[in-house]
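Quick notes on the structure that follows.
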Amino acid sequence: MSTLKYAAGLSLLLCAASPGMPKAQTLTDEEAANWLRSVTPLPKQVKLAGKVTVPISRLRVRLDGTASELDRCGVRELEQLLASSSRTDVSLSAPELGGTFAIDLVQTDTIPEVLAARPNRDQAYQIASEAPGIGHFRLRCAAETEVGTYYAVKTLKQLLKPTIRQNGDVWTVDLPIGTIIDWPDLEERGAWGGDCAQDLERLSDHKFNLIERHAKATVDANGIGHATMDMEVMERARNHAVRVVPIIHHLEQLGRSGLFKAYPNLRAKGAEKSICFAQPEIVTVVAQWLTDLGRIPDVSEVMIWLSEEGKGCTCTTCAKDDRFVNEVRVCVAAWIKAKDTCPGLGLRLLLTQASHKSNDKVLAAVPEGVKVSYYHGGLTYNTTRKPMIYPLLENYVKGGRWLGGYPTLGANWRIVAPFSNPWFVHFRLTEFVEDGLACLVGYTVPTNDLYKMNVEAAMEWAWNAGGRTPKAFARAYATRRGVRNVDAFVRWCERLSPVSWDVYGSGFPYREVYGGTDGIVRGSIKMGTGILAEFAREEQLDEDLASCAAALVLAHQAGDEAAVLETQIVQAYVQVLKSVWVLSKLVKKDSVAPENRDEAKRYFDLLQGSCSATASLYPKWVAAEAPELEKNQSARFWDTVAVMERLAARIGTVMEDCGFEDKEKPY
């Protein structure tokens, strides 16, 4: 690739002392590919031809008059990386001396022609090396905006990190020779809930740029609405190019805000917890919340979640139209009112499982300029192999409208389960990009730390859906993580991912939160349904068990204890499903034929033993995957453990009804 002209950006000018700059080293294709494994997401277009090794002590930064605070934040991050990795004091702003390598940070309105027609050009950047004269080497990172130059620094940080080393008494770092041209597929790549706010610094290294976070919305004794945000989070987000969009919670759940105490007339008729949207006070209060939030620096949009539960108001006025059309009208009216004070404020609305049957009416009622995101507790917070974006939404996007999506990046919204599965994430994110969505709002329970691989994979393919394959991502992830045997880890991930997708895609153990598996044992189940939804053939259960056995060997070879424990937990879940399938054919109501009793006993014992195994494995998995969480687990973590313990107890009852001893029964 030829060197490209640049218009603006971060220029790394290496002015070597006489007799010349450090000697450049060429890179083989394999060496370049290995270096790029340190970068996530993979840049769109990249050619690394060589590198120059330079002393860290001779690096300097120069800022011109156009430099922003975000530019300075990027420079500080680079400085902190070099200082922490070399365990030395690093000052990139110290006075220049002869033979100093300088970093110039510049912005201009003109960008390289190659980036001008790209989507999301305000986040695009170019890095290109040049040798303008003897003893000089420049690495220019060009962009149109401060966000673009900041992302150039992020890519540069990832490239530099693995090359920092000590050569005698001198700490050095490698600078790339080549060209990188990069831009994101999705405009917004972020999350809500969990610990995404606490995790924003780490995630921003992977070009994560959105947090949707609940505002504190209240109504005082005088009936005035107030809304606030955590300003410490707002400041941290601003310093990492992360947009914070405040959330006004599901509308039917706002009673706790003081709304009904101030305005009893807002209680819905026939649905006590819901709101009567025919009353003018609701427009006033929502407008006050929007106005308070719109006055906060860096808040440019507010998200309102439509109701997700219960029924709507049945008063004469509300009953004239669809419940959710009424909600949209109030939200839009309040937004228009808030714009009198905050003219630049934008509005977002969230579809829900309750609105699902009305989504056609809702979308028709949403005016141009209002953004919409799709959430459904049963259809977006699952891991099936079915597409998430259905035809109504596909057509909405094709019509030129803005759409975001709220997928789970873990196993399910309600349970906690090990799920390192880049194949699933690739499937979901390429769907988003191919369908023309603008925004990813991922969700994990209870924390990103238990799903590091999937969260980073989401950032990978939200930025560059056509880049790495899932297998290539697994290799890059293992390389960055410092896994002892990368090849074994990749093969482990490749072997276990289809199995965990089968299990969690079938809604297990999530479905057991609500019970019923013991009923299947007493009754029957068809392949491809219920807790076997992702199993098309009976043989698939045995194939998955064989894959688990092979994956366990590979996890041990990789030297990754978290992978070992994840495999054992997934294996236990498959053993439960296999046992349920076999027992559903052997148990007839509360009896087992004499000729089938030995086989039934084997599978009853396997089922109970597998349930018990998960209870002991879960804390060990957390200790290996996220040691900092070992003594601070969420309710949903322990709920998941308890689900399997309760299942073991219920299966024990079935055993006793069939004339078997329940050895797991506590006495």
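Approximating the spin labels as points 7 Å out from Cα along Cα→Cβ, the D230-to-T469 distance works out to 4.1 nm. Residue by residue, segment 440-446 carries 3J(HN,Hα) couplings of 10, 10, x, 9, 10, 10, x Hz when phi is fed to the Karplus relation 6.51 cos²θ - 1.76 cosθ + 1.60 (θ = phi - 60°); x denotes Gly or Pro.
Report, for the chain, the % of DSSP beta bridges that are antiparallel, rounded to 5. Don't skip to the end; give the middle numbers.
Details: 46 of 80 bridges.
Antiparallel bridges make up about 60 percent of those DSSP assigns within the chain.
Apply 1/(1 + (r/R0)^6) to the Cβ-Cβ distance of D89 and N34, taking R0 = 35 Å, and write down the FRET efficiency to the nearest 0.05. Don't skip to the answer; put the middle values down first.
On the way: r = 31 Å, r/R0 = 0.87.
Efficiency, from the Cβ-Cβ distance: 0.70.
Using C-alpha pairs under 8 Å with a sequence gap of at least 6, the mean separation divided by the residue count of the chain gives a relative contact order of 11 percent.
How big is the dipole moment of segment 547-613 about its Cα centre under a simple scheme where the beta carbon of each Lys and Arg is +1, that of each Asp and Glu is -1, and everything else is neutral? Debye, nearest 20, please. Before the final figure, lay out each step's value.
Working: 7 positive and 8 negative charges, 85 e Å.
My answer is approximately 400 debye.
Is the shape of the chain rounded, prolate or oblate, going by the alpha carbon gyration tensor and its root eigenvalues a ≥ b ≥ c, with a/c under 1.5 for rounded and a/b larger than b/c for prolate? Oblate shape, in that a/c is at least 1.5 and b/c is the bigger or equal ratio. The largest accessible area among I569, I520 belongs to the first residue in I520, I569, and the rest follow in falling order (1.4 Å probe, all chains).
For the pair Q353 and K601, what calculated FRET efficiency results from E = 1/(1 + (r/R0)^6), where r is the Cβ-Cβ distance and R0 = 56 Å, to the nearest 0.05? If you can, show how the numbers build up before the last one.
Details: r = 42 Å, r/R0 = 0.75.
Between K601 and Q353 the formula returns 0.85.
Using a 10 Å cut-off on Cβ atoms, rank the peptides 117-126, 278-287, 65-74 from the highest mean neighbour count down. Write out the running numbers ahead of the final one.
Numbers: 117-126: 19.1, 278-287: 20.6, 65-74: 16.3.
Final packing ranking: 278-287, 117-126, 65-74.
Sorted largest first by accessible area at a 1.4 angstrom probe radius, with every protein chain in place, the residues T53, T40, T316 fall in the order T316, T53, T40.
Once all protein chains are placed together, E368 keeps about 140 Å² accessible to a 1.4 angstrom probe.
Each of R484 and T653 was given a label point 7 Å from its Cα along the Cα-to-Cβ line. The distance between the two points is 4.6 nm.
Helix 561-586 and the longest principal axis of the Cα set of the chain meet at an angle near 30°. Once you order the gyration tensor axes a ≥ b ≥ c over the Cα atoms, which shape class does segment 541-647 get: rounded for a/c under 1.5, otherwise prolate or oblate by comparing a/b with b/c? It is oblate, given that a/c is not under 1.5 and a/b is not larger than b/c. Rounded to the nearest 0.05, the FRET efficiency derived from the C-beta distance between A24 and R165 at R0 = 22 Å is 0.80. For the listed peptides 198-204, 421-427, a ranking on the average number of other beta carbons within 10 Å per residue, highest first, reads 421-427, 198-204. Backbone amide hydrogens, once placed in the peptide plane, bring V302 within less than 5 Å of G346, L347, R348, excluding anything fewer than 5 places away on its chain. Were the residues from Q557 through S524 laid out at 0.36 nm apart, the gain over their Cα-Cα distance would be 7.9 nm. Each residue was assigned an accessible area with a 1.4 Å probe, and for T172 the value is about 10 Å². What pairs in K386/K578; K157/K452; K154/K339; K311/K371; K161/K452 have C-alpha atoms more than 29 Å from each other? As for pairs spanning more than 29 Å Cα to Cα, those are K154/K339. If you take the square roots of the eigenvalues of the alpha-carbon gyration tensor of segment 281-337 and sort them as a ≥ b ≥ c, do you get rounded (a/c under 1.5), prolate (a/b over b/c) or oblate? Prolate is the answer for segment 281-337, as a/c is 1.5 or above and a/b outweighs b/c.
For the pair K620 and R646, the difference between a 0.36 nm per residue extended length and the Cα-Cα distance amounts to 7.3 nm. Placing pseudo-labels 7 Å out from each Cα toward the beta carbon at S591 and K663 gives an inter-label distance of 2.6 nm.
The values are calculated or read from the model by the stated rules, or taken from the named source; none is laboratory data. Remember, it's a predicted structure, so these values are computed and weren't measured experimentally. Cβ coordinates were reconstructed from backbone atoms using ideal geometry, including for glycine residues, and neighbour counts include every protein chain displayed. When the accessible area is computed, the model is the full protein with side chains, heavy atoms only, and any ligands, DNA or RNA have been set aside. Shrake-Rupley method; radii C 1.70, N 1.55, O 1.52, S 1.80 Å.
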